[in-house]
Amino acid sequence: MIKTINSWRGLMAVVVVLFHAGNDWLWDITVTGMAFFFLSSTFLMAMRHPFDRLTARDYGKFVARIVSRLYPLHWLGLAILVAIALCNASISIDWKATVLNALLVHAWSPVHDIHYGISPVTWYMGALLFCYIVYPPLYRLIGQWRLRYKLLLAACLAAVLAVILYPLDIPGREAVYVNPLSRVLDVTVGIALVHIWRILKSRYPRVSYRTATVIELSVFLLHAAVITLHLTTTFLEPWEDVLIWLIPQGAIMLAFVFLHGQEGAIGRLLSWQPLQWLGGISFELYVLHFPAFHIYSYMVSPVAAHYSFQIYELMPWLVWLLLFPMAWAVNRWFTRPVGKVLQQEINRLFP
């Protein structure tokens, strides 16, 4: 485990939750967080699973492991939302959209009420599932390419996506943003970043604490510069949710992995144990925050109001008292044991 990556994921998950709780001023950091989720997933996957050769058995085992990791937690969060909706007459359920959501194919639909639907954040899991499925054949195809050709392919994919996005209004950009096909770019960038990382590690196996701190500050300043440019200009708006964050988040990703084991000041701060704990439950925080919102809004808040405690407007802050224990409990007593059982079955099926 790369501690700095783990902590940064946790912090980005917190930002996403705060944004969905009504803190609209966190938009820029939220979309950068989503870019980091995709990049970190594909980057780490390319580090650990270089498919220089690809057999049907290896591919089947890889996909089975990914499916066993994504679907159980997704189904648990969806079941909570459906149960709350069935108990509350004011919430209607679109069963067609819900079934597509359960299968994690809803992100392919351009219709807002389908790709967001009952669980607005799980489009990410559908897109991530597609990234994992296309990664092995894509790596097998381009893994041995020279770096310049990988970067050229990434640039071509970015150019195509930029041309598609430019004339679109917000609903159109949203449909492209959640569509899994647009994330092939993230997979390609992740593979290229691993190539760059290997080159850097071979040329600079050791760096000093001071150098590491300068590198960390530099990538965060780049990130801040892109945010500032976006906030003070309008020409980046057509690509604000898909493209413009790949370079700064890719730089942060690359720096964290390159400095693994020789962190600077920021890296050591991110290695702090409470942040490691936060990163460890980041996936549960992401998947369960809308169920937590609903429990707070339709159960906790009305009960508190019955006793003259008006806490509905405080949801962005008080919901953490519910979400943190939920995420921790689900991680410990659901995600881990279910994952262990499913992994044993996969190993049995693919000896």
Exercise. Name the residue farthest towards the positive end of the dipole of the chain from the options Val257, Trp328, Gly10, assuming +1 on Cβ of Lys and Arg, -1 on Cβ of Asp and Glu, about the Cα centre.
Key: Val257
Practice problem: Give the share of C-alpha pairs in each 5 angstrom bin for the stretch 203-347, from 0 to the last occupied bin, in whole percents, shortest bins first. | Solution: 2, 8, 11, 11, 11, 14, 16, 13, 8, 4, 2, 0, 0, 0
Self-check item: Two-decimal ratio, the chain, of alpha-carbon radius of gyration to 2.2 N^0.38 Å
Solution: 1.02
Quiz item: Volume per residue, Å³, of the convex hull around the alpha-carbon atoms of the stretch 72-140?
Solution: 80
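Dividing the alpha-carbon Rg of the stretch 1-89 by 2.2 N^0.38 Å yields what?
Details: Rg = 17.3 Å, N = 89, 2.2 N^0.38 = 12.1 Å.
Here the Cα radius of gyration is 1.43 times the empirical estimate.
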Quiz item: Between Val163 and Arg140, what is the FRET efficiency for a Förster distance of 35 Å, r being their Cβ-Cβ separation, to the nearest 0.05?
Solution: 0.80
Quiz item: Given 37 °C and 0.692 mPa s, how large is the Stokes-Einstein diffusion coefficient of the stretch 104-202 in µm²/s, with Rh as the Kirkwood radius over Cα pairs?
Solution: 224
Quiz prompt | Nearest-ten-degree value, helix 3-20 long axis tilted from longest Cα axis of the chain | solution = 40
Quiz item: Among Asp186, Asp113, Asp241, which comes first, second and so on when ranked by fewest other beta-carbon atoms within 10 Å?
Solution: Asp113, Asp241, Asp186
Quiz prompt | Given charges at beta-carbon only (K, R positive; D, E negative), |dipole| of the stretch 1-93 in Debye | solution = 520
Quiz item: Roughly how tilted is helix 209-232, in degrees to the nearest 10 and between 0 and 90, from the longest Cα axis of the chain?
Solution: 60
Self-check item: Links that overshoot a 29 Å alpha carbon limit, given the list Lys3/Lys201; Lys3/Lys96; Lys150/Lys340; Lys3/Lys340; Lys3/Lys61
Solution: Lys3/Lys96; Lys150/Lys340
Quiz prompt | Helix 282-295 vs. the chain, principal-axis angle (Cα, 0 to 90°, nearest 10) | solution = 20
Practice problem: Answer with one residue from Leu78, Leu349, Ser297: the one whose Cα lies farthest towards the positive end of the charge dipole of the chain, charges on Cβ with Lys, Arg +1 and Asp, Glu -1. | Solution: Leu349
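None of the figures in this text is laboratory data; all of them are computed from the coordinates on show. Here the structure is a predicted model, which means the values were calculated and not measured. A quick note on method: Cβ atoms are made from the backbone with ideal geometry, for glycine too, and the neighbour counts reach across all protein chains shown.
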